[in-house]
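Quick note: the coordinates plus some simple rules give every number you see, no bench work behind them. What you see is a predicted model; the values in this text were computed from it and never measured. In this analysis, Cβ positions are derived from the backbone assuming ideal geometry, glycine residues included, and neighbour counts consider all displayed protein chains.
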Amino acid sequence: MKPAGVYKKGELSFDDILTNLKENPDFKAVGAIGAFIGVVRGRSLEGHDVTKLEIEAYEEKADTALSTICTELKRKKGIADVRIYHNLGEFAPGDDLIYVVVAGGHRNEVFGALREAVERYKHEAPIFKKEHLINRETGKHVTRWVEENSLK
């Protein structure tokens, strides 16, 4: 399993990631694992019901960006491993979209690196989201591309 990248929905699980992480020879120094699992919201920020989300990526560049983030964060003091995996395809509300996992010597080191990994992938990886929703005022089906920068 590569340490980061995009995968089609269903190709890997959180359990697969943890098992692979623990096989890292540097795992002996690990005292904490922190994880972020991003899931599909059932309601948009404006209060519309989300029916599904489509995720696409410029796969080669997304793999490179995610790998770069992991490599750079592993250089931080106390960090043994960083993994970022983003799923691609169609997703229903509640489905897992992304797994970010950081392993390190102590929780404070892990928490900081985990937060940085999450913030960076949102801005550095060419991953695109198309939201399908029901407009709460009109009841009509609406499809729109979502920009990460607009979600702050």
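How do 115, 75 rank when sorted from fewest to most other Cβ atoms within 10 Å of their own Cβ?
Final ranking by Cβ density, sparse to dense: 75, 115.
Expected output is a single nm value to one decimal: the length gained when fully extending between residue 1 and residue 134, i.e. 0.36 nm times separation in residues minus the C-alpha distance. What is it?
On the way: separation 133, 0.36 × 133 = 47.88 nm, distance 3.79 nm.
Here the segment from residue 1 to residue 134 would lengthen by 44.1 nm.
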Task: Coordinate range along principal axes, alpha carbons of segment 1-56, Å, largest first - done: 47, 24, 15
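Would you please name the chymotrypsin sites (Phe, Trp or Tyr not before Pro) within segment 1-39 that are DSSP coil residues with at most 16 other C-beta atoms within 10 Å of their C-beta? Don't skip to the answer; put the middle values down first.
On the way: sites: 7, 14, 27, 36; in loops: none.
Taking segment 1-39 and a limit of 16 other Cβ atoms within 10 Å, no loop chymotrypsin sites (Phe, Trp or Tyr not before Pro) are found.
Give me the dipole magnitude in Debye, nearest 20, for the chain about the Cα centre, with unit charges on the beta carbon: positive for Lys and Arg, negative for Asp and Glu.
Dipole of the chain, to the nearest 20 debye: 380 debye.
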Task: Simple label model, 7 Å out from Cα along Cβ direction - residue 77 to residue 43, nm - done: 4.4 nm
Task: ³J(HN,Hα) computed for each position of segment 126-134 - Karplus, 6.51 cos²θ - 1.76 cosθ + 1.60, integer Hz, glycine/proline x - done: x, 10, 10, 10, 10, 9, 10, 8, 9
- [ ] Scan (1) 2, 10, 18, 20, 18, 13, 9, 5, 3, 1, 0, 0; (2) 2, 9, 17, 20, 19, 16, 11, 6, 2, 0, 0; (3) 2, 12, 22, 24, 20, 12, 6, 2, 1, 0 for the value of P(r) over Cα pairs in 5 Å bins from 0, in percent calculated from this model and give just the label.
- [x] (1)
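Treat segment 71-136 as a sphere of radius equal to its Kirkwood radius over Cα pairs and apply Stokes-Einstein at 20 °C in a medium of 1.002 mPa s; give the translational diffusion coefficient in µm²/s, rounded to a whole number. Present the calculation step by step, with values, prior to reporting the outcome.
Numbers: Rh = 13.6 Å.
Estimated diffusion coefficient is 157 µm²/s.
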Task: Dipole of segment 4-151, positive direction: furthest Cα of 27, 141, 64, with charges on the beta-carbon - done: 27
Open item on the list: On a full-extension model of 0.36 nm per residue, what is the gain between residue 8 and residue 60, subtracting their alpha-carbon distance, rounded to one decimal in nm?
Closed with: 17.4 nm
